[in-house]
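Written below as structure tokens is the structure these notes are about.
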Amino acid sequence: MLHRFAPSMIFALSLLFSAATYAQETEQRAIVGSGSATEKQKPTILRMRVQLTEKAGTAEEALQKLADRQEAARLQLESLGATADSIKVTDATFPAEGSDMQQQMQQMAMMQMRSVGRVPEGLKPVKSVTFVCNVTAEWSLEQEDNQELLVFVSQLKDKVVEADLAGLNEPKQMTPEEEEMQAEMQQMMGNIYGGESETPGKPTFLYVAQVSDEARQQAMAKAFAKAKSQAEMLATAAGVELGPLQSLASGPGDSSSGFEYQYMRYMQAYTGVSTSEQPNENEVIATTPDGLSLSASVMATFAIK
């Protein structure tokens, strides 16, 4: 039985060996060049995002409070000149499980207070239901002068923070024990994150530039030119002549969002701030006006004549 299949097995193995040898020879007869290009972009939009949070003893009460908060935030943003169709409110949802920083800090603060023997008498966790939603709004940035842009954004940020869309500065009805717990939590947050952690309810601002297909193609063309130049240098060093293009692919360096923006999203997720929205591929986003750049990278494979 084994002898019957031996010829066919040998033939199949020879085909596989020939294919592998051809692929290896083809790879050896090719030169790969890589290139990247970065184009600075001018911000055209200032985007604000804030998370609203409301809690109450029942789900119905919490949802009603959140709806009232949403409407108030919408009216405030309109009065601040936000583009009308840019004001968007997501559906109410529960806080992200496993990343509710306030609850984690409360548990850690309780453990800390117990360790030093000063847990306030009568301090008990209050049962409640919490819902959150995200509100985004945009303002057009038409200033040509950089100083005018910075002044406009600075004044606008102050007005948005002063509006207190999430009600962070509203007086809270807390018992002395709860106030002590709150102070302990704030101290722990400062010790762990240096007072720079992402706070649910605190507005965040992003600079946005719209990217056209033409601009993206120009960046890609510059990246390809650098990749071809590198391949030509390699061919010259090897004493061979560069042949036609065999394949072209985008490299890992393509990006529309800077490191600061990615870090901000990480901190938002870690501290329980919902990050359901996804970046638009036709935009570049940064946390500073001078951080906007469109990056493109390619890997080009050329034959060897």
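The values are calculated or read from the model by the stated rules, or taken from the named source; none is laboratory data. The structure presented is a predicted model; accordingly, all values stated were derived computationally and were not measured. Cβ placement follows ideal geometry from the backbone for every residue including glycine, while neighbour counts extend to all protein chains displayed.
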Requested in this report: Could you tell me which residue of the stretch 40-61 is farthest from Gly167 (Cα to Cα), considering only residues that are polar (S, T, N, Q) and assigned to a strand (DSSP E or B)?
Outcome: Gln51
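Looking at Glu198, Glu177 in this structure, which one is surrounded by fewer than 16 Cβ atoms within 10 Å (Cβ to Cβ) and at pLDDT below 95?
On the way: Glu198 fails: surrounded by fewer than 16 Cβ atoms within 10 Å (Cβ to Cβ).
From the options Glu198, Glu177, the qualifying one is Glu177.
Pick from Ala215, Ala237, Ala223: which is among the small types (Gly, Ala, Ser), more than 16 Å from the chain's Cα centre (by Cα), at pLDDT 95 or above and surrounded by 13 or more Cβ atoms within 10 Å (Cβ to Cβ)?
Within the list Ala215, Ala237, Ala223, the selection yields Ala223.
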Report task. Kindly indicate which of Phe205, Phe259 is out of contact with any Ser or Thr (no Cβ under 7 Å at 6 or more places or on another chain), of a type in the set (A, V, I, L, M, F, W, C) and modelled with pLDDT under 95. Result -> Phe259
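This table checks each residue for (1) among the polar types (S, T, N, Q); (2) at pLDDT below 95; (3) part of a helix (DSSP H, G or I).
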site	(1), (2), (3)
Leu63	no, no, yes
Gln103	yes, yes, yes
Gly117	no, yes, no
Glu148	no, no, yes
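Which is modelled with pLDDT under 95 and among the basic types (Lys, Arg), of Arg29, Arg47, Arg69? Reasoning before the result, please.
Values: Arg47 fails: modelled with pLDDT under 95; Arg69 fails: modelled with pLDDT under 95.
It is Arg29.
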